[in-house]
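The values are calculated or read from the model by the stated rules, or taken from the named source; none is laboratory data. If you're wondering where the values come from, they're calculated on a predicted model, not measured in any experiment. Cβ: placed from backbone, ideal geometry, glycine included. Neighbour counts: every protein chain shown. The protein model used for the area step is the full one, side chains on, heavy atoms only, and it has no ligands, DNA or RNA in it. Shrake-Rupley method; radii C 1.70, N 1.55, O 1.52, S 1.80 Å.
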Amino acid sequence: MTTCFGYTRVSTVKQGEGVSLEAQRDEIIRYADKHGLTISRWFEEKETAAKSGRPIFNAIVRDLLNHKAEGLIVHKIDRSARNFRDWAQIGELADKGVSIHFATESLDFQSRGGRLTADIQAVIASDYIRNLREEAIKGLKGRLKQGFYPYMAPLGYLNQGGGKLKTLDPARAPLIRAAFELYNTGTYSIRTLHKKMHALGLRNRAGNPLSRHGIETILANPFYCGVIRIKRSGETYAGKHEPIISTSLFASVQDLKTGKFGKKLTRHQHLYRGLFKCGSCGFAMIAERQKGNVYYRCHTRDCPTKGVREETITEEICVELAHAQLSAEQYKWFSKALLNWQGKQPTQSDLNRSFRLQSGKIAARLESLTDALLDGLVDKDIYLKKRKELLLVQESISQNRNQTNTFGDNLRYLRKFLELAKSFVALYEQLNPSEKRLMLELATSNRTIAGKSITLKPSIWFETMQSGLPAPNGAHCQPINRTGTETLERQLDRLYELIISPK
């Protein structure tokens, strides 16, 4: 009696949990009993026949070539192969004397006519799977164009099922944002950021620590700022999912990764780093930590300027700020300047109109770019690069539009800042280190250290404001020059931008 292998196959593991494999086995058993064949071994595979190199199928071919059985029984032709390479292997087995049987198709694979009929059916099966693949790709691209990501959600997002947007992972999304923000400071390399994120508790879905490559993959993925990029093709799409970071932060991180800006590793974040120069030679004062204290020193050889402790600089700053107390009349003038500045800000309708115009221009450029590709004026690589850039700009416009809705809250924050400015010393003491640096930059200029002497010159706008405000004790007011007013408004613009910038 002829011994044969029995081969059953389904395309997916999920499909294998149903009755398909069992039904194939029943048909093969009936066929073997009817034709006097003995099934010596069963092979079961859960893999698409469109792919060549299936491990179980390859094992069957190897064992048949080693004469471990005389024949092969398959449920039907499309269960054996839907690609020409595997079908050619089946033909080679038949040429070497292996009997090939199809349980549900009455084909004599040993005859020329039966072989031809089987070849035709194999071609039809191959064409079917090719068409199925094209339709699947078309469906995926349709979802991508709608802003949906039809693949596994990247780390920091959760899958919500087919046809639904990815949602933020409440546990990992804040850590992903932190990774971008920390790297954007310029004080972390990939290696040190990897250690930092491990310490903060960022893990993959299996609960294991991320690799350095995993950190790099996160920092390079525009999905986190709202843009979908298909790595294999390089195509980009505007996503509808909620972004974790802003497009400006993503762009800044990419610039840092490519080495366009600054160094990526420093040991300490000292409070006054880069803010003071030597009053003798003009070079920057370098911060150093020694025996638990931070000193600012000039490293120029033979320079008379000595090291000054950070606490001493803080005390001098508070003394200088104490001289800048605003009287009630001065604060009233300052508030009026704020109202004038507020009146010059665009209205919500103006902003909406501007955003519509900007979005329209981007849409027109995208359409022109597509026409240029179709007309052969640009190659695909340039098209994909420019399209990605335009989509990032488009997403940035959308995020800026959403930020305008918080204008009132930010303006209240600015008013609170000015209220606290009645006592600059009290305000300074309440701020965190980064806010202290900001206030020092806004309120002072020409910050120098000569010997042991610390000099802080008020900024032009602040000095002009005080010199032009009503003087105490009923003295006549000095004229407010136009330059001083414009400079003050520019500083208010800068302060407002810093308030609404992504934290």
Practice task
Would you mind pulling out the separation of the Cα centroids of the range 276-315 and the range 162-233, in Å?
Solution key: 38 Å
Practice task
Tell me the label-point distance for the pair I137, E235, using the 7 Å Cα-to-Cβ offset, in nm and rounded to one decimal.
Solution key: 0.9 nm
Exercise for the section: Using 0.36 nm per residue of separation minus the Cα-Cα distance, give me the extension gain between L366 and E92 in nm, one decimal. Expected result: 93.5 nm
Exercise for the section: Run through all the Cα pairs of the range 147-276 and give the fraction in each 5 Å bin from 0, expressed as whole percent. Expected result: 2, 10, 19, 22, 20, 14, 7, 3, 2, 1, 0, 0
Problem - Fraction of accessible area attributable to carbon and sulfur, the range 133-263 (%, probe 1.4 Å) - result: 55 percent
Handout entry: Efficiency of FRET between E311 and I286 - r from beta-carbon atoms, R0 25 angstrom, step 0.05
Key = 0.90
Practice task
Return the sequence-ordered ³J(HN,Hα) values of the range 111-124 in whole Hz as given by the Karplus equation 6.51 cos²θ - 1.76 cosθ + 1.60 applied to θ = phi - 60°, using x for Gly and Pro.
Solution key: 8, 5, x, x, 5, 5, 4, 5, 4, 5, 5, 5, 5, 5
Exercise for the section: Would you mind getting me the FRET efficiency between E22 and Q146? Use the beta-carbon distance for r and R0 = 35 Å, nearest 0.05. Expected result: 0.35
Handout entry: For the range 430-441, Karplus couplings with θ = phi - 60° (6.51, -1.76, 1.60), whole Hz, Gly/Pro x
Key = 7, 7, 7, x, 5, 6, 5, 4, 4, 4, 5, 5
Practice task
Assuming R0 = 60 Å, can you tell me the calculated FRET efficiency for the pair L442 and T104, based on Cβ-Cβ distance, to the nearest 0.05?
Solution key: 0.15
Completion exercise
Here, D375 and Q269, labelled 7 Å along Cα→Cβ, have an inter-label distance in nm of 5.0 nm
Fill in the blank from the handout: Pseudo-spin-label distance D127 to Q430, built 7 Å along Cα→Cβ, given in nm, is 7.8 nm
Exercise for the section: Report the extension gain between R85 and S111 in nm, rounded to one decimal, defined as 0.36 nm multiplied by the number of residues separating them, less their alpha carbon distance. Expected result: 7.2 nm
Handout entry: 15 Å Cα-Cα reach of K386 towards aspartates and glutamates, excluding residues that sit fewer than 8 places from it in its own chain
Key = E235, E367, D371, E395
Completion exercise
Amide H proximity to G147 below 5 Å, modelled H, separation 5+ or other chain, gives none
Practice task
Pop out the ³J(HN,Hα) list for the range 155-164 in order, Karplus 6.51 cos²θ - 1.76 cosθ + 1.60 with θ = phi - 60°, rounded to Hz; leave Gly and Pro as x.
Solution key: 4, x, 10, 10, 6, 10, x, x, x, 10
Problem - Accessible area (Å², 1.4 Å probe, nearest 10) - Y128 - result: 120 Å²
Exercise for the section: Please report how many Lys pairs in the range 90-175 have alpha carbons closer than 19 angstrom, counting only residues at least 8 apart along the chain or sitting on separate chains. Expected result: 5
Exercise for the section: Please calculate how many Å² of accessible area the range 116-273 carries per residue, with a 1.4 Å probe and no DNA, RNA or ligand atoms counted. Expected result: 54 Å²
Fill in the blank from the handout: By the mean-Cβ-within-10 Å protection proxy, highest first, 173-181, 95-103, 450-458 rank as 173-181, 95-103, 450-458
Problem - Percent RCO, i.e. relative contact order, over the range 173-250, from Cα pairs under 8 Å lying at least 6 residues apart - result: 29 percent
